[in-house]
Amino acid sequence: MAALDHPHKAAIETLRGIIMAVDPVIGEGIKWNAPSFSAPSVTGKDEWFATFHPRAKSGVQIILHRGAKVRGYTGTIDDPDQLLEWLATDRARLSFGDEADIAPKREPLTMILRQWIVQL
């Protein structure tokens, strides 16, 4: 993050803090050339579940996924604020315009992330 040159670096830092605060089991690293986050799955193995999309054309995007391999997914995520844009059955995108766009979405984002990692 220290070397990241991005017009929305402050928003990325804010989102990173929100993600890390969801649960102390969350780890972070660089995966797919972007800041990524992992948590233990039901098998006990750490699985990558969220990755920033640093080349998004506008704002900041986070891709929620279930690792690199496509997997069938039959769970549900409660998303009353409709923050998730489903890209496939096991992948969804969260989009934020800028740092000011994050504050009103903090609570529903946290709720979504908690549901997501429980279903890894």
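The values are calculated or read from the model by the stated rules, or taken from the named source; none is laboratory data. The shown structure was predicted, so the numbers you read here are calculated from the model rather than taken from an experiment. A quick note on method: Cβ atoms are made from the backbone with ideal geometry, for glycine too, and the neighbour counts reach across all protein chains shown. Ligands, DNA and RNA are stripped out before the accessible areas are found, and what is left, the full protein with its side chains, is counted by its heavy atoms. Shrake-Rupley method; radii C 1.70, N 1.55, O 1.52, S 1.80 Å.
General remarks:
- Rounded accessible area per residue of the chain, 1.4 Å, Å²: 55 Å²
- Acute angle (nearest 10 degrees) that the helix 106-118 long axis makes with the longest principal axis of the chain, alpha-carbon atoms: 30 degrees
- The calculated 222 nm mean residue ellipticity attributable to helices in the chain amounts to -7000 deg cm²/dmol, summing -39500 (n - 2.57) over DSSP H runs of n ≥ 4 and dividing by all residues.
- Taken over the chain, the percentage of Cα pairs per 5 Å bin, counting from 0 up to the bin with the maximum distance, is 2, 11, 24, 26, 21, 11, 4, 1.
- Taking a Cβ cut-off of under 15 Å around residue 112, the surrounding Lys, Arg, Asp and Glu residues balance to a net charge of -1, with basic ones at +1 and acidic ones at -1.
- Per atom type, the chain shows carbon and sulfur on 53% of its accessible surface, probed at 1.4 Å.
- Degrees between helix 9-22 axis and first principal axis of the chain (Cα, 0 to 90, nearest 10): 30 degrees
- Near residue 50, the amide H atoms lying under 5 Å from its own belong to 37, 65; only residues 5 or more places off or on other chains count, and H is placed 1.01 Å from N.
- Cβ-defined net charge surrounding residue 14, 13 Å radius [Lys, Arg +1; Asp, Glu -1]: 0
- Inter-label distance, nm, simple model (7 Å from Cα along the C-beta direction), residue 30/residue 10: 2.5 nm
- Label-to-label distance, nm, for residues given as residue 107 and residue 91 (7 Å Cα→Cβ offset): 3.2 nm
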